[in-house]
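The values are calculated or read from the model by the stated rules, or taken from the named source; none is laboratory data. What you see is a predicted model, and the numbers here were worked out from it, not measured in a lab. Glycine also receives a Cβ, built like all others from the backbone with ideal geometry; neighbour counts cover every protein chain displayed. Just so you know, the surface numbers come from the protein's heavy atoms only, side chains and all, with ligands and any DNA or RNA stripped out. Shrake-Rupley method; radii C 1.70, N 1.55, O 1.52, S 1.80 Å.
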Amino acid sequence: MAKRVLVSGGAGYIGSHVTVELIAAGYDVVVADNMSNCDMTCFEGVKKITGRDDIPFELTDCCDAAAVDRLFTDYQIDAVIHFAAYKAVGESVAEPIMYYRNNLVSFLNILESAKNHGGCNVLFSSSATVYGEAEDLPVTEQTPRLPATSPYGNTKQICEDILRDVVKATAINDGTDGRGPVKGIALRYFNPIGAHPSALIGELPRGVPNNLVPFITQTAIGKRECLNIFGNDYPTEDGTCLRDYIDIVDLAKAHVAAVSRMIDGKMKEGYEIFNIGTGRPVSVYELVTTFEKVNGVKLAYRFAPRRPGDVVAIWADTSLANEELGWKATRSVEDTLASAWAWEKHLAEK
Ligand code: UFG
C-alpha cells in the first residue's frame, strides 16, 4: 500500500508544489489547511496537474489540538510535512504574539499527535533566516545560527529546537500506550521562487508582495507601478544583495527525497538538517535584468534605500543535501523566472 503523507499548509505556495511531487512519486497525500493565507486556486491546480480528483482535503487549523489529532485517527499517516505557519517578517515584528502562538502551537500539536499515534516522521520547513548575517559564505549546516532578528525567524529556530528535543525524548518510545518515536528532518530553504511549468500553481501573495519575484511579476503585469530595489550600496559587485534563489519544483523534489529518506529508514541520525538551495549567489539586480531578458519585458524599477533587516549576502553550501538526499537543484534561474511570469499571466487571464 502507498505510504501516506500529511501536508499541513498544503494548499499554499510550497505545499501545493510538494503535493504534486509527492503524488508523482507514488505517495498518498492528505492536505490540511485552514485557508488563512490562500484560496483554493492552488489545490484545484494540484488536482488538474496530477489528474487526481480524490486527494483528501481537510479544513483544519493546526492550532486546534483535537482537530489535528483527528487527522491522525482518521488516516494512517507515515510522515508529516509541516508548512502551516505565518511567514511575513515585517508582520511578525508588529504582531509577535500572533506569530509565536500560531507557529509554535501548531507545530506542538502536530508533534504531540505524531508521538501519540505510534510515532511518525516529521519534516519541518525551516529557513536560511536561521543563519542571519553569516560571516563565512556559503553557509553549511554547521554554520552557527545567529540570534533571530524577527519573531518569524525566531519561530523557525525554536521549532527546529523543539523537533530536535522531541526526537531525542521519544527515541525510547516502544509503542506502549500507542506512543512511538518521532524522527525529524528540518529543511532550511533559501529563497524559493517560480511556479510549476504548467502555470496551474504558483505563489499567490495577498496584498502587496513582500518578496522580490512576486513584486517583479506584478510590476511587469501592471499591478504595481514600480519595483523598488532595496539598496545598491552594499559591498557586492553591483551593490545589490546576494541571495540563493531556489526553483520551487526543485525545492518540492527535495521534500520527496527527505520524506523517502525517513520512510525508507535511511536516516543517519534521528534528527537531521539540510540546506536546500542552488549554491549559487545571484544579485537582486541580476535577477531583475535576467527576468527582463528571459521574458522580453521591460520592468519599471528604481534604486531605493536599504530595507531594514536585510542581510547583505547569503547562499548555501548544498553538499550535504546533494550527497545524503541524492538531490540537486536542476532548473536554471532563466527557466524559473519564465515560469514565474507564465504564472502571473495565467492569473491575469482568470
Ligand atoms: N527586494 C527588493 N525589492 C522588493 C523585495 C525584495 O529589492 O520589493 C530585495 C530584498 O531587499 C532582498 C532580496 O530582494 O535583497 C530578496 O528579498 P525577499 O523579500 O524576496 O527575500 P528575503 O531574502 O528577504 O527573504 C527570505 C525569505 C523569508 C526569510 C528571509 C530572512 O523569503 O522567509 O529570507 O532573511 F525570513
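Points worth noting:
- Residue among G231, G239 that alone is touching a Cys at 6+ places or on another chain (Cβ under 7 Å), of a type outside the set (D, E, K, R), touching a residue at least 40 places away in the same chain (Cβ under 8 Å) and within 16 Å of the ligand (Cβ to nearest atom): G231
- Hey, L163 within 14 Å of the ligand (Cβ to nearest atom) and within 27 Å of H17 (Cα to Cα) or not: no
- Among the residues of this structure, K345 counts as one that is part of a helix (DSSP H, G or I), at pLDDT 95 or above, closer than 27 Å to H196 by Cβ and in contact with a helix residue (DSSP H, G or I) (Cβ under 9 Å, 6 or more places away or on another chain).
- In region 179-194, the residue that is farthest from the ligand (Cβ to nearest atom) out of those that are more than 19 Å from C241 (Cβ to Cβ) and open to solvent by 30 Å² or more (accessible area, probe 1.4 Å) is R179.
- Some residue of region 217-226 being touching a residue at least 12 places away in the same chain (Cβ under 8 Å), under 28 Å from N322 (Cα atoms), open to solvent by 10 Å² or more (accessible area, probe 1.4 Å) and within 15 Å of the ligand (Cβ to nearest atom): no
- Selection of region 261-316 for residues being more than 10 Å from the ligand (Cβ to nearest atom), open to solvent by 20 Å² or more (accessible area, probe 1.4 Å), among the hydrophobic types (A, V, I, L, M, F, W, C) and in contact (Cβ under 8 Å) with a residue 60 or more places away in the chain yields I263, M267, I273, V297, A300, W315.
- When P147 is tested against the conditions (1) in the same structural domain as I263 (by TED's automatic domain parsing); (2) assigned to a loop (DSSP other than H, G, I, E, B); (3) open to solvent by less than 50 Å² (accessible area, probe 1.4 Å), the lone failure is (3).
- Inside region 98-133, residues that are in contact with a helix residue (DSSP H, G or I) (Cβ under 9 Å, 6 or more places away or on another chain), more than 13 Å from H82 (Cβ to Cβ) and not hydroxyl-bearing (S, T, Y) make up a count of 8.
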